[in-house]
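Colleague: Take this structure first; my questions come after.
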Amino acid sequence: MEVALKTDSRKVKPGDTFIAIPNVVRDGHDYIEQAIKNGAIKIIAEHGKYSVETIIVESTREYLKEYLYKNYYPLIKDMKLIGLTGTNGKTTTCLMIYQILKMLGQKVAYMGTVGFYYGDVKKPMVNTTPDVDVLYNMLLEAKDHGVEYFVMEVSSHALDMERIYGLEFDEVAFTNLTQDHLDYHKTLENYANAKQKLFKKTRNNKVAVINGDDLHYQHFVLDNNNNIIISANEGDLLIEKITFSHLGTSFKFNYQGNEYKTSLNMVGRYNVYNYLIALLLVHCLGFKIEDILQLNEELKAPAGRMELIKYGTNSIFVDFAHTPDAVLNVLRSAHEFKAGKIITIIGCGGDRDPLKRPIMGKIAVENSDYVIFTSDNPRSEDPLKILDDITASLTNDNYVVEVDRVKAIRQGIDLLKGNDVLMILGKGHEDYQITKEGKHHFSDQEEVAKYLAIKSGK
């Protein structure tokens, strides 16, 4: 089953109804004639006269939201909806939940930054949380294939724009809140308030798992939810001891009077929090903690999330970290298990919050032995201008600038001497680079593999 109203004229088939949605980039009203040409027999618009049946409404966006909620939410409301928000960690935590439920034999779907997954299906995503009609189509598709649990990343943009309109969540979680997307939200308070909206979209007395060691956690502790706080200091689940290596992490925690000891094939203190959020959310669905812990050996971090590439006695990590907090977290993690130097390759995306650029530059040089600043996705901006923004206020001398990301990666590898750690940050799972010329294939992992093959003579 799919939503009967079409918002994309290219997807209109004979007999369809097209609804014209005005967006920031383009206005659906400009594509009405194309929709009619493709076979639309009805148009829903905010203005105009057309050759087929036309309904004029004050707001097509509001009409669409109400239409979807009235006609399709009843069809999917018995699926368990699990929603996660936060600046960092959403993808990793959601995919942990997805993997755990699959290994427990459950029919589960995931939707977020890296795709839309269920069964053997894997589809790419344009946005972390898509427009409301696309989201409802995905929910209906999952329902049609017998999915019982739907876990999704919920972005601040989606919450602010009501892309999850009408949905009520059985479980929600908060990972952390740091500076990001202020080009859109303007202030950190607005950003936090947008994310808080998820915690108001729960069914009565439903589970809300919260990272209690984040400075903003109280913002997400609401009276109508069953709040479970994770903390190393004071909370419902207490983290007692963490031991690090470059191959994984071991830790102990106490929950409801029981002590547990386990390990992950992942690095980073933040991944302990990500995992415990996932564990509690799955546990509160009715699964035993002991059964979940037994699955840890098979649990994998998403591609590009502290993804390890071994190079002799050196460790190369590819990570998606592209916010000040994420960069600080991954570099602090590297310090916890390093045996040699930390060399970092990093840039900042173009057409995105410029205020974070000098902050990320400062974090990189202060938490690395050596830094190579390079291009990320410059988009429409001049990459050299972005690099100037990053380095303008730096007083350290432990860095160089290399605009060519391939050369930067090769230079970073050449600097490894033994027991060193190379952190390649910013792009993670992305297999493309966006420049003024457009979008082209680019993968940090592939570039590392190519150069290691050259160095080994293969």
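The values are calculated or read from the model by the stated rules, or taken from the named source; none is laboratory data. Keep in mind it's a predicted model, so treat the numbers as computed, not measured. Here Cβ is always computed from backbone atoms with ideal geometry, including for glycine, and neighbour counts include all displayed protein chains.
Colleague: Just a yes or no: is a residue in segment 376-385 surrounded by 20 or more Cβ atoms within 10 Å (Cβ to Cβ) and hydrophobic (A, V, I, L, M, F, W, C)?
Modeller: Looking for residues that are surrounded by 20 or more Cβ atoms within 10 Å (Cβ to Cβ) and hydrophobic (A, V, I, L, M, F, W, C), one finds none in segment 376-385, hence no.
Colleague: Let me ask you something else. Assigned to a helix (DSSP H, G or I), assigned by TED's automatic domain parsing to the domain that holds L280 and either crowded, with 16+ Cβ neighbours inside 10 Å or among the acidic types (D, E) (or both): does that describe Q99?
Modeller: Taking the combined requirement at face value, the residue satisfies it.
Colleague: I'm trying to understand the selection: among the residues of segment 115-157, which are among the hydrophobic types (A, V, I, L, M, F, W, C), surrounded by fewer than 24 Cβ atoms within 10 Å (Cβ to Cβ) and under 13 Å from the mean Cα position of the chain (by Cα)?
Modeller: Across segment 115-157, the qualifying residues are F116, M125, V126.
Colleague: Being under 13 Å from T344 (Cα atoms) and not polar (S, T, N, Q) narrows it down to one of F373, F442, so name that one.
Modeller: Sole residue among the options that is under 13 Å from T344 (Cα atoms) and not polar (S, T, N, Q): F373.
Residue by residue, here is whether (1) within 26 Å of P302 (Cβ to Cβ); (2) free of Cβ contacts under 8 Å to residues at least 40 places away in the same chain; (3) in a loop (DSSP other than H, G, I, E, B) holds:
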site: S375; (1), (2), (3): yes, no, yes
site: G418; (1), (2), (3): no, no, yes
site: E447; (1), (2), (3): yes, no, no
site: Y451; (1), (2), (3): yes, no, no
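Colleague: Now, a different point. Would you mind stating whether I359 is surrounded by 17 or more Cβ atoms within 10 Å (Cβ to Cβ) and either assigned to a strand (DSSP E or B) or in contact with a Ser or Thr (Cβ under 7 Å, 6 or more places away or on another chain) (or both)?
Modeller: Values: surrounded by 17 or more Cβ atoms within 10 Å (Cβ to Cβ): yes; either assigned to a strand (DSSP E or B) or in contact with a Ser or Thr (Cβ under 7 Å, 6 or more places away or on another chain) (or both): no.
Answer is no for this residue.
Colleague: Test of understanding: among A364, A339, which residue is in the same structural domain as L422 (by TED's automatic domain parsing), among the small types (G, A, S), surrounded by fewer than 21 Cβ atoms within 10 Å (Cβ to Cβ) and under 24 Å from H246 (Cβ atoms)? Outline the logic, then answer.
Modeller: Numbers: A364 fails: surrounded by fewer than 21 Cβ atoms within 10 Å (Cβ to Cβ).
Being in the same structural domain as L422 (by TED's automatic domain parsing), among the small types (G, A, S), surrounded by fewer than 21 Cβ atoms within 10 Å (Cβ to Cβ) and under 24 Å from H246 (Cβ atoms) holds for just one of A364, A339, which is A339.
Colleague: For residues in segment 231-254 being touching a helix residue (DSSP H, G or I) at 6+ places or on another chain (Cβ under 8 Å) and part of a strand (DSSP E or B), which is surrounded by the fewest Cβ atoms within 10 Å (Cβ to Cβ)? Give the derivation first.
Modeller: Filtering segment 231-254 for residues touching a helix residue (DSSP H, G or I) at 6+ places or on another chain (Cβ under 8 Å) gives 237, 239, 242, 244-246, 249, 251, 253.
If we keep only those that are part of a strand (DSSP E or B) as well, we get 237, 239, 242, 244-245, 249, 251, 253.
Numbers: L237: 20, I239: 19, I242: 15, F244: 19, S245: 12, T249: 22, F251: 21, F253: 22.
The qualifying residue surrounded by the fewest Cβ atoms within 10 Å (Cβ to Cβ) is S245.
Colleague: While we're looking at this one, here's another question. For the structure I just gave you, tell me whether N419 is in contact with a strand residue (DSSP E or B) (Cβ under 9 Å, 6 or more places away or on another chain) and on the phi < 0 side of the Ramachandran plot.
Modeller: When the stated conditions are applied, N419 does not pass them.
Colleague: So, one more: How many residues are out of contact with any Leu (no Cβ under 6 Å at 6 or more places or on another chain) and closer than 30 Å to N211 by Cβ when one looks only at segment 41-80?
Modeller: 5
Colleague: Quick one: what pairs do we get from segment 197-224, first residue more than 15 Å from D236 (Cα to Cα), second among the acidic types (D, E) and not in a loop (DSSP other than H, G, I, E, B), C-beta under 9 Å, 6+ apart or different chains?
Modeller: Filtered contacts from segment 197-224: K197/D160; T202/D170; T202/E171; R203/D170; K206/D170; K206/E171.
Colleague: Now a separate question. What number of residues within segment 332-343 are in a helix (DSSP H, G or I) and charged (D, E, K, R)?
Modeller: The number of residues fulfilling the criteria is 2.
Colleague: Is there any pair with a first residue in segment 285-307 that is free of Cβ contacts under 8 Å to residues at least 60 places away in the same chain and a second that is surrounded by fewer than 22 Cβ atoms within 10 Å (Cβ to Cβ) and small (G, A, S) whose Cβ atoms are under 7 Å apart and which are 6 or more apart or on different chains, and what are they?
Modeller: Pairs that qualify, where the first residue is free of Cβ contacts under 8 Å to residues at least 60 places away in the same chain and the partner is surrounded by fewer than 22 Cβ atoms within 10 Å (Cβ to Cβ) and small (G, A, S), are N296/S263.
Colleague: Do you know which of the residues in segment 55-88 that are surrounded by fewer than 14 Cβ atoms within 10 Å (Cβ to Cβ) and polar (S, T, N, Q) is farthest from S156 (Cα to Cα)?
Modeller: Of everything passing the filter in segment 55-88, N71 is farthest from S156 (Cα to Cα).
Colleague: Provide a single number: the residues in segment 285-331 that are in a loop (DSSP other than H, G, I, E, B), hydroxyl-bearing (S, T, Y) and surrounded by 17 or more Cβ atoms within 10 Å (Cβ to Cβ).
Modeller: Pass one, segment 285-331, residues in a loop (DSSP other than H, G, I, E, B): 285-288, 294-295, 299-306, 312-313, 320-323.
Checking which are hydroxyl-bearing (S, T, Y) leaves us with 313, 323.
Filter once more, keeping what is surrounded by 17 or more Cβ atoms within 10 Å (Cβ to Cβ): 323.
So the count comes out to 1.
Colleague: Here's another thing I want to ask about it. Does segment 255-262 include one or more residues that are under 23 Å from T91 (Cα atoms), in contact with a helix residue (DSSP H, G or I) (Cβ under 8 Å, 6 or more places away or on another chain) and either touching a residue at least 12 places away in the same chain (Cβ under 8 Å) or assigned to a helix (DSSP H, G or I) (or both)?
Modeller: The answer is yes, given that some residue of segment 255-262 is under 23 Å from T91 (Cα atoms), in contact with a helix residue (DSSP H, G or I) (Cβ under 8 Å, 6 or more places away or on another chain) and either touching a residue at least 12 places away in the same chain (Cβ under 8 Å) or assigned to a helix (DSSP H, G or I) (or both).
Colleague: Which ones in segment 404-416 are in contact with a Leu (Cβ under 9 Å, 6 or more places away or on another chain) and assigned to a helix (DSSP H, G or I)? Don't jump to the end; show me each part of the working.
Modeller: Of all residues in segment 404-416, those in contact with a Leu (Cβ under 9 Å, 6 or more places away or on another chain) come to 409, 412-413, 415-416.
I409, G412, I413 - these are the residues of segment 404-416 that are in contact with a Leu (Cβ under 9 Å, 6 or more places away or on another chain) and assigned to a helix (DSSP H, G or I).
Colleague: Tally time: how many residues in segment 189-230 are hydrophobic (A, V, I, L, M, F, W, C) and in a strand (DSSP E or B)?
Modeller: Residues flagged as hydrophobic (A, V, I, L, M, F, W, C) and in a strand (DSSP E or B) within segment 189-230 amount to 7.
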